[in-house]
Structure formats: structure tokens, C-alpha cells
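The structure appears below as C-alpha cells.
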Amino acid sequence: MSTIRQDDFIQSIADAFQYISYYHPSDFIRAMTAAYESEQSPAAKDAIAQILINSRMCAEGRRPICQDTGIAVVFLKVGMNARWDTKLSVQEMVNEGVRRAYLNPDNKLRASVLADPAGKRSNTKDNTPAVVHYEIVPGDHVEVICAAKGGGSENKTKFIALNPSDSIVDWVLNTVPHMGAGWCPPGILGIGIGGTPEKAMLLAKESLMAQVNIHELQEKSARGEKLNRVEELRLELYTKINALGIGAQGLGGLTTVLDVKILDYPTHAASLPVAMIPNCAATRHVHFHLDGSGPARLDPPNLDDWPKLTYDASKGVRVNLDTLTQAQVATWKPGDVLLLNGKLLTGRDAAHKRIQ
């Protein structure tokens with residue numbers, strides 16, 4: 001029987017959210033590198049290059065991959081024989097770990113979580129509370145997945161209650177173009193099928209935690225090996241979504257999704273609930289086990305996993321924001337690289353309403 005100690009659990013959560021703030025998963029980097037090498041569109045290739053260069057710089061300097069450092073999501077599989085040595089609840093321990101991670105003075109992360117979402121929308125200042133999903137399983141260990149989910153991709157979440165005779169493929173292909181580029185592609189599309197509406201949503205989110213492995217299905221299919229229905233669906237959707245030509249950052253191109261993940265669950269005979277959640281180019285998650293021997297050990301990835309790309313800033317358009325005119329803005333075209341200098345004021349929804 002393992003004893004999971006309070007301090008070990010909290011420290012593991014804190015370390016995990018710091019870790020994923022600056023380290024992309026290696027499988028994601030390999031998939032993004034393959035997309036860069038195959039891309040034919042200059043604008044899309046340039047966008048993927050910027051993502052990869054930024055990712056390597058963040059890994060080297062231990063600084064956030066994206067300015068949106070996400071809402072904290074934790075999946076827990078708790079062994080039925082595991083014992084807890086703690087005075088706090090599991091939710092309280094997760095929140096304390098998130099608090100320490102986001103307020104870490106060496107790499108302070110943006111706190112985006114707001115309390116009273118339908119009212120005052122007050123920032124909690126430390127990105128708590130986290131969203132925690134629990135599963136009780138055989139064993140005496142605790143399996144943990146920590147993910148930081150950006151708001152741009154979360155806002156593109158879709159759900160539909162299809163009729164059993166409806167086509168899932170048709171719905172996905174009709175829906176993805178309406179998601180635009182606000183979910184920051186190339187990324188991963190998670191799909192949950194079956195159960196009940198809330199179960200489908202959870203399946204879609206959980207599917208995003210798996211490794212990028214669509215290439216294994218492609219190789220399996222090329223060898224003539226039989227795929228199961230979910231594998232067939234993944235491969236069909238991956239091919240047809242990328243054929244839409246949305247591309248990196250919506251600039252057109254060959255790669256809109258790096259993988260399509262699907263989890264399903266038995267459902268009612270009259271139902272076909274389907275949920276779809278995208279993961280953006282800031283795909284951030286890490287998996288670890290706690291067995292009572294101490295905090296999780298998260299080894300840094302090998303920097304050789306990143307391609308050695310350099311960015312040629314000479315091809316960009318230099319823009320002085322302090323003297324910028326509407327006539328200059330009118331000359332810009334989609335895909336142009338702008339090198340900004342000067343004072344820039346930013347705002348979101350509330351500011352936009354006031355300006356209008």
C-alpha cells in the first residue's frame with residue numbers, strides 16, 4: 001500500500017504546471033517539425049517556423065510558450081488501495097499546487113481564472129480553482145495528468161446531439177471551417193462520442209491528453225492491416241480536415257490538425273452525442289505517477305528534439321507604431337510579417353465595446 005503525502009502531491013502539481021508552461025511535449029514537436037518540412041505554403045511554413053523557434057526559445061529560457069498560460073485541468077486516477085497522508089482535500093491540494101506554480105517568482109504565469117463568471121468576473125489572482133476530474137481505479141498508485149488549456153481553443157468547443165443515422169464526419173467537416181483560426185492551429189482535435197452530453201465533453205477533453213500517433217495509423221493502413229472503427233474515423237477526419245486548406249494560423253496550407261483523437265462510450269439507442277474540443281499550438285500537458293516515494297520527477301526534454309531553425313527578420317515589414325497611418329495599414333496583406341516597434345495598447349471584449 002502506497003502512502004501519498006500532502007507535500008509530495010502539492011509539489012508535484014506545482015512542478016508540473018511550471019514544466020508545461022515552457023516545455024512542449026516531444027511528440028508534439030516531432031509532429032510540428034514534420035508539418036514544417038512538408039508544408040508548401042510560404043505563409044503557413046513561416047508560421048510553423050515561428051511556433052517552433054518560439055518553442056525552443058521557451059524551453060531554453062524557461063519562459064511561457066504562450067501569453068495565455070491557460071486554465072489548470074487535472075485528471076486523476078486514484079488507486080483504491082492508495083492511502084493519503086494529508087489534512088487537505090484533494091481539490092485543496094491541487095489548488096495549492098496550482099497557486100505555487102502560477103505565483104512562482106522565477107517564472108510567474110498569467111492568472112486568467114475569474115470567479116463569479118456571470119457577474120463581477122473577479123480575477124482570483126492565482127489561477128485557482130483548478131478543474132479536477134477523478135477516477136477510482138484498482139491499484140495503490142495515483143496517476144496524474146496536468147494540462148494548461150488556453151481560452152482561445154476552449155472557446156471553439158462544439159457539441160451536438162446527432163440522430164443515430166447522422167454522419168459524424170459530415171458534422172465535423174461542416175463545423176471546423178466555422179471555428180476559424182481562433183483556436184490557433186496547427187493543433188490537435190479531440191472528439192468524444194457517446195455516453196451522455198457531459199460524458200462526451202469529458203471524453204473529448206481527455207482524448208487530447210494522448211500522444212500524437214496518427215502516423216502509426218497511416219503506417220498500419222499502408223501495410224494493409226485492419227483498422228477498428230475509431231481508427232478508421234480518426235484517419236478519415238485527419239485527411240479530410242487537412243484537405244480543407246485552413247492551415248497554420250488560418251493562413252492556408254497542408255496542416256490544420258496534427259492529429260485527431262477520439263474516445264467513445266456506450267450510449268442510449270436514441271442518442272448520438274458528439275463533442276469536439278481543439279488543442280491549440282500551445283499544447284501543454286504532462287503525465288506522471290505517484291507511488292509514495294516522493295514528488296514526481298519531471299526530466300527536461302532533449303533540446304535536440306527541436307529543429308535548429310533561424311528566423312530571417314529582414315523579410316519583415318518594419319512598423320513604427322508611433323507614426324502609423326491608416327494608409328500604411330491598408331497596404332498589409334494576410335501572411336505579411338510585421339516587425340513592430342513603439343507603443344501598443346491592447347484590450348479585450350470590454351474595451352472593444354467601449355471603443356465602439
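Values quoted throughout were computed directly from the atomic coordinates according to the rules given, and no laboratory measurement underlies them. From a predicted model like this one, the values you see are computed outputs, not experimental measurements. All Cβ positions, glycine included, derive from the backbone under ideal geometry; neighbour counts span all protein chains shown.
Listing for the model above:
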| read-out | value |
| --- | --- |
| Global geometry of segment 89-232, whether rounded, prolate or oblate, following the gyration tensor of its Cα atoms and the 1.5 cut on a/c | prolate |
| Helix-only [θ]222 nm of the chain, DSSP H runs n ≥ 4, -39500 (n - 2.57) each, per residue, nearest 500 | -10500 deg cm²/dmol |
| Paramagnetic reach from M57 (point 7 Å along Cα→Cβ, amide N under 16 Å) across segment 20-37 | 22-24 |
| Unmatched cysteines, the chain - criterion: no other Cβ of a Cys under 4.7 angstrom | C58, C66, C146 |
| Candidate aspartates and glutamates - alpha carbon under 15 Å from K125, same-chain residues fewer than 8 apart omitted | D68, E96, D116 |
| Cα-based reach from K333 at 20 Å (exclusive), listing lysines while leaving out same-chain residues under 8 positions away | K45, K315 |
| Segment 40-144: trypsin sites (Lys or Arg not before Pro) falling in loop per DSSP and having at most 15 other Cβ within 10 Å | R62, K87, K108, R110, K120, R121, K125 |
| Compactness index (Cα Rg / 2.2 N^0.38 Å), the chain | 1.06 |
| Sites R5 and V132 - FRET efficiency at Förster radius 25 Å, r taken between beta-carbons, to 0.05 | 0.85 |
| Over 27 Å between alpha carbons, listed pairs K120/K156; K149/K343; K156/K353; K120/K353; K77/K205 | K149/K343 |
| Approximate shape of segment 39-138 as ellipsoid semi-axes (Cα gyration tensor, √5λ), whole Å, largest first | 33, 20, 15 |
| Ratio of Rg to Rh over segment 215-316 (Cα coordinates, Kirkwood Rh, two decimals) | 1.06 |
| Rg followed by Dmax, in Å, when segment 151-281 is reduced to its Cα trace | 14.1, 41 |
